[in-house]
Structures are given as structure tokens and as C-alpha cells.
Amino acid sequence: MRHGFLTLGFSDDGDGTGELDVEAEVDGYSGRSHACFNKDEIERFAVALSQCPLPKDQPCSLTGGFGESPGQPAQEHVGIDAYPVNRRGYIGIQVRMTTPVWSETRPESQRIAQLEIVTTYEPLGKFSRDILAMLSGKVDAATVEGE
């Protein structure tokens, strides 16, 4: 039985940046989104995920979207946080996915999903290695499944 998953894909722009595609599902709830990132930001996130134990006082985070501009607040389109949960050895991964809101977009039409996948250190370590392999073009995607 599958207890949720998070899958990342990366389209490399060849200039140190690219588009990170995110898909997640837990208990029938799901979402997809994407955002542009510097590859080194994603690499730092992957390395942070490999820490055991994860620091309790500072979550491992990756966030991307539009920056703040005159008359427009900053928009997060992809947000991922990993943190220890109350059960010993378990890690929560919160995934936030939203669609962009442009000046002509009705704010009510924005699609938003926020999910938590709970996993353990072994799958998280593999996910970290797979993210690095994805960035170097060795695999197409990196996936972590919930426990």
C-alpha cells in the first residue's frame, strides 16, 4: 500500500538554472506545480536532506516562485520542508504547490495543494541521492514514498 509520494523532475536550462517539476499525492489528495531554481539551491537542499538526524530547530527547505515586484506580493509556487516528527526516526515532508497568479488572473481561480508525506531516514537518504543524480542527468526523476 502506498502512503503518499513526492516526485521531483528537473528541466536543465544549461545555464545553472532550470525548472523543477513537483508532484505529490497523499490519501487521494494531490497536486502539481513547478518553479525555476538555481541548480545549486536544489543541491544544497538534497545535501541537507542527507543529514541524520535532521536538525529540529531549522527545517530543510526549498522554495521557489515569483519575487516581489511593485504592486505584487511574492508568490511561492513550490515549497518543500523536511523536519522530524513526533515519532522516533520519522520525517515529515510538507509540500506546497500553487499555480501562478498573474495580473489578469482572478485570485479565486488559483489552485493550491498542501500535503504532508511521512517517511523515515533510509528512503529520505535515497531521495537525496536521487535528487543529485537527477541534477546531473543520470536519472529523470527523484521520488520518495511515505511509510
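Of note:
- In this Cβ point-charge picture (+1 for Lys and Arg, -1 for Asp and Glu), the range 25-147 has a dipole of about 180 debye about its Cα centre.
- Length-normalised contact order of the chain in % [C-alpha pairs under 8 Å, at least 6 apart]: 26 percent
- Rolling a 1.4 angstrom probe over the chain with all protein chains present gives an accessible area of which 47% lies on carbon and sulfur atoms.
- Per residue accessible area in Å² of the chain, where ligands, DNA and RNA are left out and the probe is 1.4 Å: 59 Å²
- Helix 121-135 vs. the chain, principal-axis angle (Cα, 0 to 90°, nearest 10): 50 degrees
- For the chain, alpha-carbon Rg relative to the globular expectation (2.2 N^0.38 Å, N residues): 1.05
- Measuring max minus min along each principal axis, the C-alpha atoms of the range 1-43 give extents of 39, 16, 12 Å (largest first).
- Helical runs assigned H by DSSP (4 residues or longer) give the chain a calculated mean residue ellipticity at 222 nm of -5500 deg cm²/dmol, each run adding -39500 (n - 2.57) before division by the residue total.
- Our estimate of slack between SER103 and ARG32, defined as 0.36 nm per intervening residue step minus the Cα-Cα distance, is 23.4 nm.
- Cα long-axis angle, helix 39-49 against the chain (0 to 90 degrees, to the nearest 10): 30 degrees
- Taking the alpha carbon gyration tensor of the range 66-147, multiplying each eigenvalue by 5 and rooting it gives semi-axes of 30, 17, 11 Å, largest first.
- Treating each Cα of the range 99-140 as one equal point scatterer and applying the Debye formula with no solvent, the log10 of I(q)/I(0) at q = 0.25 Å⁻¹ comes out as -0.82.
The values are calculated or read from the model by the stated rules, or taken from the named source; none is laboratory data. Being a predicted model, the structure only gives us computed values, none of them experimental. Neighbour counts are summed over all protein chains in view; Cβ atoms, including those assigned to glycine, are modelled from backbone coordinates with ideal geometry. Surface areas here come from the heavy atoms of the whole protein model, side chains and all, with no ligands, DNA or RNA. Shrake-Rupley method; radii C 1.70, N 1.55, O 1.52, S 1.80 Å.
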